[in-house]
Amino acid sequence: MDADISHAPVEIQESTNGNIWSHDFMILSPARMAKLTDIIGHASQRQQLKKDLEQGNVSHAYLFSGPDHLGKMSLALTFAAELLSVGKSEGERLKTRTAVEKLTHSDLLVLDRLWIEEVCEDWDVIAGSSNVPQGHRAKKPAAKTDTIDDVRALQERLMETGMGTYRCCIIRSVERMQDAAANAFLKILEEPPEGLIFILTTESQGALLPTIVSRTRVIPFQRIATKEIRKLLDGVSEDDSRFILHIAGGAPGLAAKLRDDPDLLRLHRTVHGSAQQFFRSQSLRERLSLLTPLKERGQESDDFLLHLGLALREQPSHTLVRYTEPYRALVSDLETNAHRQLLAERFALEVHS
């Protein structure tokens, strides 16, 4: 989830082409957006996109690369709204912004929440974040749909005629494309229709085909300084703020998500306590039991692995040094098809020895 910081103060200046850009955040007009969120941090990335737009040097494809929850998708949507507003009056710009945030703009295509491991048969959920036709999903479960189907559905829409100077296609987590889909998409990327701008996001640039990367303008995203993320936590208790900042690790989207969801925050506190107990325990049986979430892929496993790493960082220096490499090996091996229970048992034995 990308950060929503609509309560934060902004200073506003007008750019040479009439667009409105803030010193600290990028927005589309003096009116605050209801859903199209502002961006915290990433000043150099925003400046590059602003310069491209003002100088008419817009690339046919951008790749926003960096860890999850940094605001890549928020910036992608905001930049798309700017592109689709080129040459429009202020009133038209406001309508464009509204259409973008509702995913109803005819010149905006968004692929998101499609390549997920869990079965998702709720079409309202999919439609809330993607506007490419989903007829192929009626024939087989979302979790088993080949991503080539998504690309084929996208191809049909890309051939349509645009209404303005630009059309935009946003694809989130493009690294999740399977090989056949990636190769099919590459053909589109090599010869895109005139005026079509791709904005891709990825958490793992190394997992992409080099030919896809080479045909994009890569914009790297880094984690945000704690003092910047702290702006999101006005009104949050000091204890909760410290914990959220610790968990967020420089990701404003995750900080905002924890701020806005008390149940999620309590869940993370519970998981963190279990991770801390793993290092405190003197019982191998208890340690093995605490690692149970790692035995199956999914959000529970990902969350526990995150907190296990955070709990390790809290340990005395000699413990941190001793178990850093085993933890890194665990993280790496869990991304393979190796037997997850055996990996968890090996890690528990290394810590217990």
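What follows is calculated from the coordinates using simple rules that are stated; it is not laboratory data. Note that this is a predicted model, so its numbers are computed, not measured. A quick note on method: Cβ atoms are made from the backbone with ideal geometry, for glycine too, and the neighbour counts reach across all protein chains shown.
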Cα→Cβ-extended label distance, 7 Å offset, between Ala99 and Asp261, nm: 3.2 nm
Leading residue at positive end of dipole, the range 261-352 (Cβ point charges), from Asn337, Leu294, Phe347: Phe347
Estimated inter-spin distance, Asn183 and Thr226, nm [label 7 Å along Cα→Cβ]: 4.9 nm
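How big is the equivalent ellipsoid of the range 168-298 along its three axes, where each semi-axis is √(5λ) from the Cα gyration tensor, reported in whole Å from largest to smallest?
Working: eigenvalues 291, 102, 27 Å².
Semi-axes (√(5λ), whole Å): 38, 23, 12.
Given the pairs Lys102/Lys257; Lys88/Lys231; Lys227/Lys295; Lys51/Lys187, which span a C-alpha to C-alpha distance of over 30 angstrom in this model?
Numbers: Lys102/Lys257 20 Å; Lys88/Lys231 33 Å; Lys227/Lys295 36 Å; Lys51/Lys187 28 Å.
Going by Cα-Cα distance, Lys88/Lys231; Lys227/Lys295 fall outside the 30 Å limit.
Set the Förster radius R0 to 45 Å, insert the Cβ-Cβ distance between Ser44 and Met163 as r into 1/(1 + (r/R0)^6), and round the FRET efficiency to 0.05.
On the way: r = 32 Å, r/R0 = 0.71.
In this case the efficiency is close to 0.90.
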Rounded FRET efficiency, nearest 0.05, which uses the C-beta distance separating Asp68 from Glu194 and R0 of 30 Å: 0.35
Fully extended contour minus Cα-Cα distance, from Arg285 to Ser353, at 0.36 nm per residue: 23.2 nm
